[in-house]
Amino acid sequence: MELLNAASSVGVQSFVRRRLATVAACVLTLAAVSAPAQTPPLEYGVKATYLYKFAPFIEWPAGTFASASDPLVICVVGSDPVADLVDEAVKGQVISAHAIDVRHLEGSARGARCHILYIALRGPAAAGALDSVRGTPVLTVTDSARDAGGIVNFVVQDNHVRFEINLHAAAENHLVISSKLLNLATRVSPKP
């Protein structure tokens, strides 16, 4: 009888161990699968933060802000992981006494009174959004292929977020970019 109880006890322990191992494997699998959905890659957060961090290095023409306390308006056209994080990234931030206001737009930024325009679109739609603010004092930022036509273009090099600057596009929009920001760019396209 004692031998039967010992064998039964070993069988129960083995059964419990197998079940616990199965449960642990399921928990680890669920954690691994759900973790990326909960935490966006750092790249997107860095790009969203850069949008307002560019502002102190941009000289807008006189009269761009009606008063010293007018908000700095960041407009977002389209949707991508960066666009989804902009509101959170700017929360509570102030640039030179300008609170930051984020506006999500459907397509065109024409008449939206933006200071910075992030274009989360590709192809002809991106070109249309850029054209809608061409010649106005708006810093355009894209996350697409080189020479997309924006003033600032995000690039990822060696797993780090970097950016390129197009001085011709900046001049078209009557913006002056600080040499400090130009020195940080991986590539600067000169004025023609």
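Structural remarks
- Candidate cross-link partners of Lys191 among the aspartates and glutamates, defined by an alpha-carbon separation under 17 Å and a same-chain spacing of 8 or more, comprise Glu59, Asp147, Glu164, Glu172.
- Within-15-Å neighbourhood charge of Ile100 [Cβ basis; K, R +1; D, E -1]: 0
- FRET E, pair Val155, Asp70, Förster distance 35 Å, beta-carbon r, rounded to 0.05: 0.65
- Estimated vicinal HN-Hα couplings, Hz - the range 64-76 in sequence order (Karplus 6.51, -1.76, 1.60; Gly, Pro = x): 5, 9, 5, 8, 5, 9, 4, x, 7, 9, 9, 9, 10
- Cα-based radius of gyration of the range 88-137 once divided by 2.2 N^0.38 Å, which approximates compact folds: 1.27
- Our coupling estimate for the range 169-184, obtained by passing each phi through the Karplus curve with A = 6.51, B = -1.76, C = 1.60 and θ = phi - 60°, is 5, 5, 5, 4, 9, 6, 10, 10, 9, 4, 5, 5, 6, 4, 5, 8 Hz, Gly and Pro reported as x.
- Size descriptors for the range 52-103: radius of gyration and Dmax over Cα atoms are 11.7, 34 Å.
- The radius of gyration of the Cα set in the range 104-192, together with its Dmax, comes out at 12.5, 38 angstrom.
- Contact order relative to length of the range 62-163, as percent, for alpha carbon pairs under 8 angstrom and 6 or more apart: 24
- Taking amide H as placed 1.01 Å from N in the peptide plane, Ser189 has its amide H under 5 Å from the amide H of Ile165, Asn166, Leu167, each at least 5 places away in sequence or on another chain.
- 16 Å cut-off, amide nitrogen to a point 7 angstrom out along Ser178 Cα→Cβ, residues in the range 62-104: 94-98
FYI, it's all coordinate maths here, none of it is from the lab. Please read all numbers here as calculations on a predicted model, not as lab measurements. Using ideal geometry, Cβ is built from the backbone for each residue, glycine included, and neighbour counts are taken over all protein chains shown.
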